[in-house]
Amino acid sequence: MEEPIVIAIDGTSASGKSTNARLVARALGFVYVDTGAMYRTLAWYCLKNGVDVHDPRAVARACRRWKTELRCVDGQVRLLVDGYYPEKEIRTAEVSAAVPHVAAVPAVRQWMKRKQRECIRFGNLVMEGRDIGTNVFPETEFKYFLDASLEERSRRRAAEGIQENLAARDQRDSQRAVAPLMVPLGARVINNSQMTPEQTSALILEDIRQRLAARQKARSAS
Ligand code: DC
């Protein structure tokens, strides 16, 4: 049987990763995975259970012990905790402030990588995050890195009603010791400051189709 395809979409905060990953997944009929939501779920779980997110050992212990399950619902992977999917709870300002600390813990990143790789059992994937092309699925040939100017990204966040210091968040994500945010080797970098999500996703889809066609051609030639 053919190996499932993984489309890795990484990038800075508010660079349009979620919107574009969803559009690409829908167009291709692939399963969508939001890995940021998985880190947010652990941050939410720590806050709810009084685990100090500034204590890496306590966070690592919580991550070893929590009871989780991956489920694919309506073409999207969900991480359930004790059978519950905290869809709304993980989007609060409190969770956004806690999540970079949780995401910097090496044991957490190892756990997340293992779970994220397990998603392959649901089929072809479009996975968005910060380290998918560099660390989670470095072997995929479908790597995209989205970015936009800080001004434009701040404007997008403000339009969502969220005031956030994106420069500080990017810096924390880029400077952590384990799996920092960086452009994966061989990734196609797309600066979409002046582009709509439809234009950005069309560019990604065109590139994927070209690569798939080249693969097919190479196979039929061999
Ligand atoms: O994309 P997001 O804002 O929901 O991500 C939440 C946090 O998780 C953010 O601080 C970056 C981190 N993250 C990460 O370190 N690695 C990923 N693959 C996805 C998110």
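Just so you know, all these numbers are worked out from the coordinates, no wet-lab data involved. Here the structure is a predicted model, which means the values were calculated and not measured. Glycine also receives a Cβ, built like all others from the backbone with ideal geometry; neighbour counts cover every protein chain displayed.
Secondary structure note: in the chain, about 25% of the DSSP beta bridges are antiparallel.
For the peptides 200-209, 150-159, residues were scored by their other Cβ atoms within 10 Å and the scores averaged per peptide; the highest-first order is 200-209, 150-159. Calculated [222 nm] ellipticity per residue, helices only, for the chain: -15000 deg cm²/dmol; basis is -39500 (n - 2.57) per DSSP H run with n ≥ 4, divided by all residues, nearest 500. Length gained on full extension, Q110 to M182, computed as 0.36 nm times the residue gap minus the Cα-Cα distance: 24.1 nm.
Each residue in K113, K17, K217, K88 was given a count of other beta-carbon atoms within 10 angstrom of its own, and listing them fewest first yields K88, K217, K113, K17.
For the chain, the Kirkwood estimate of the hydrodynamic radius, built from every pair of different alpha carbons, is 18.0 Å. P(r) for region 20-99, from all Cα pairs and a bin width of 10 Å, is 18, 46, 27, 9, 0 %, short bins first.
Computed extension length for K67-I162: 31.1 nm, one decimal, from 0.36 nm per residue of separation with the Cα-Cα distance subtracted. Highest mean packing comes first when the peptides 4-16, 125-137 are listed by Cβ atoms within 10 Å, giving 125-137, 4-16. Remark: for residue pairs K17/K113; K17/K217; K67/K115, the C-alpha separation exceeds 21 Å in K17/K217.
Between S222 and N124, how high is the FRET efficiency from 1/(1 + (r/R0)^6) when r is the Cβ-Cβ distance and R₀ = 25 Å? Nearest 0.05. With R0 = 25 Å, the Cβ-Cβ based efficiency is 0.65. For a paramagnetic label modelled on A214 (point 7 Å from Cα along Cα→Cβ), amide N atoms under 18 Å away belong, within region 182-206, to 184-190, 203-206. Computed from Cα atoms, the angle from the helix 17-28 axis to the main principal axis of the chain rounds to 40 degrees.
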